[in-house]
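Trainee: Handing you a structure now.
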Amino acid sequence: MTPIGVFDSGFGGLTILRDLRRALPGADFLYLGDNARAPYGSRSFELVYRFTLQAVKYLFGQGCPLVILACNTASAKALRSIQQRDLASIDPERRVLGVIRPTVEAIADSTTTGSVGLFGTPGTVASHSYDIEIEKHAPGTRVFSHACPMWVPLVENSEADGDGADYFVKKDVDALFDPHPDIDTLILGCTHYPLLLDKIRKYVPTGVTILSQGDIVAKSLIDYLQRHPEMDARISRGGTVRYLTTESADKFDGLASEFMGEKVKATAIRLE
């Protein structure tokens with residue numbers, strides 16, 4: 001079996017996996033969540049790079065010819081280094097892709113004011129990865145970023161529907177939009193954030209387009225496989241999905257089942 005690998009620091013990448021499975025229902029997938037070391041958002045570049053490289057190597061060892069970093073922090077802090085420094089020595093025939101570039105490429109067709117908002121983890125915001133990529137693909141676009149350190153803990157503690165989530169979502173939305181009312185496109189720069197989408201929509205000004213990363217990444221992967229038939233041919237087509245976690249499998253299964261809308265049974269592993 002040669003599945004598509006999907007990696008995240010925790011649970012957020014499951015929102016990407018969900019859309020990938022809808023887009024490629026026949027493909028096999030292998031999901032790995034580094035829950036024991038999550039969250040990545042506040043960790044250093046070097047640590048995120050080291051943890052992500054360990055995960056990529058593990059997924060390659062499980063037969064994955066292609067790995068999606070379904071994590072904005074890993075995509076921001078580790079993807080470029082892995083692509084440029086490590087792949088050639090590990091296996092030049094394998095590929096690692098991220099979530100930032102596909103999201104950025106969708107912005108040009110979305111904004112009319114040229115003002116884009118970004119909600120992300122502190123690590124993603126501090127990396128300026130979105131600013132750099134947006135300048136490449138949509139020069140002149142202004143990016144206004146705001147870190148939301150409480151959003152991931154809310155989701156991972158099953159508080160996304162609670163009143164506490166309303167408080168923090170409104171606080172962060174106001175902090176971004178009050179000084180920048182001309183923002184017309186909003187990037188949810190963390191794969192956990194779709195679980196807060198109803199509350200985000202509740203407080204974001206009317207008319208703002210909220211970009212859904214899962215759908216964007218899924219469409220981008222289909223396009224990539226069409227342009228690289230040699231990679232498409234390497235992916236096994238059994239329609240299966242397996243789950244790995246560096247945490248307790250029982251602990252992972254409960255929240256993962258909520259993310260996926262179906263029963264999840266994971267296997268616990270160690271990364272080193």
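Trainee: Only one of (1) among the hydroxyl-bearing types (S, T, Y); (2) open to solvent by 50 Å² or more (accessible area, probe 1.4 Å); (3) within 24 Å of T15 (Cα to Cα) fails for S129. Which number is that?
Mentor: Here S129 meets the rest and fails (2).
Trainee: Considering region 132-152 alone, what residues qualify as being at pLDDT 90 or above and open to solvent by 50 Å² or more (accessible area, probe 1.4 Å)?
Mentor: Of everything in region 132-152, those that are at pLDDT 90 or above and open to solvent by 50 Å² or more (accessible area, probe 1.4 Å) turn out to be I132, E135, P139, G140, R142, P149, M150.
Trainee: Select from region 162-188 the residues that are without any contact (Cβ under 8 Å) to a residue 40 or more places away in the chain and hydrophobic (A, V, I, L, M, F, W, C) and write down the one among them that is surrounded by the most Cβ atoms within 10 Å (Cβ to Cβ).
Mentor: Filtering first and then ranking leaves V169.
Trainee: Name the one entry in G238, G254, G214 that is out of contact with any strand residue (DSSP E or B) (no Cβ under 8 Å at 6 or more places or on another chain), in contact (Cβ under 8 Å) with a residue 12 or more places away in the chain and open to solvent by 30 Å² or more (accessible area, probe 1.4 Å).
Mentor: Result: G238 is the single residue among G238, G254, G214 that is out of contact with any strand residue (DSSP E or B) (no Cβ under 8 Å at 6 or more places or on another chain), in contact (Cβ under 8 Å) with a residue 12 or more places away in the chain and open to solvent by 30 Å² or more (accessible area, probe 1.4 Å).
Trainee: Inside region 208-249, can you point out the residues that are farther than 27 Å from D109 by Cα and of a type in the set (K, R)?
Mentor: If the condition is that a residue be farther than 27 Å from D109 by Cα and of a type in the set (K, R), then R234, R237, R242 are the ones that fit.
Trainee: Where in region 2-111 are the strands (runs of 3 or more DSSP E), entirely inside, with at least 2 residues that are open to solvent by less than 10 Å² (accessible area, probe 1.4 Å)?
Mentor: Counting at least 2 such residues, we get 4-8, 29-33, 66-69.
Trainee: Being of a type outside the set (D, E, K, R), within 17 Å of the chain's Cα centre (by Cα) and within 27 Å of A55 (Cα to Cα) narrows it down to one of I82, I132, so name that one.
Mentor: After ruling out the rest, the residue left standing is I82.
Trainee: What pairs come up if the first residue lies in region 144-155 and is in contact (Cβ under 8 Å) with a residue 60 or more places away in the chain, the second is surrounded by fewer than 24 Cβ atoms within 10 Å (Cβ to Cβ) and assigned to a loop (DSSP other than H, G, I, E, B), and their beta carbons are under 7 Å apart, counting only those six or more places apart or on different chains?
Mentor: Between residues of region 144-155 that are in contact (Cβ under 8 Å) with a residue 60 or more places away in the chain and residues that are surrounded by fewer than 24 Cβ atoms within 10 Å (Cβ to Cβ) and assigned to a loop (DSSP other than H, G, I, E, B), the close pairs are V152/P39.
The values are calculated or read from the model by the stated rules, or taken from the named source; none is laboratory data. Nothing here was measured: the structure is a model prediction, and the numbers come from that model. Virtual Cβ from ideal backbone geometry, glycine too; neighbours counted across all protein chains shown. We work out accessible area using only protein heavy atoms, side chains counted, and drop any ligands, DNA or RNA first. Shrake-Rupley method; radii C 1.70, N 1.55, O 1.52, S 1.80 Å.
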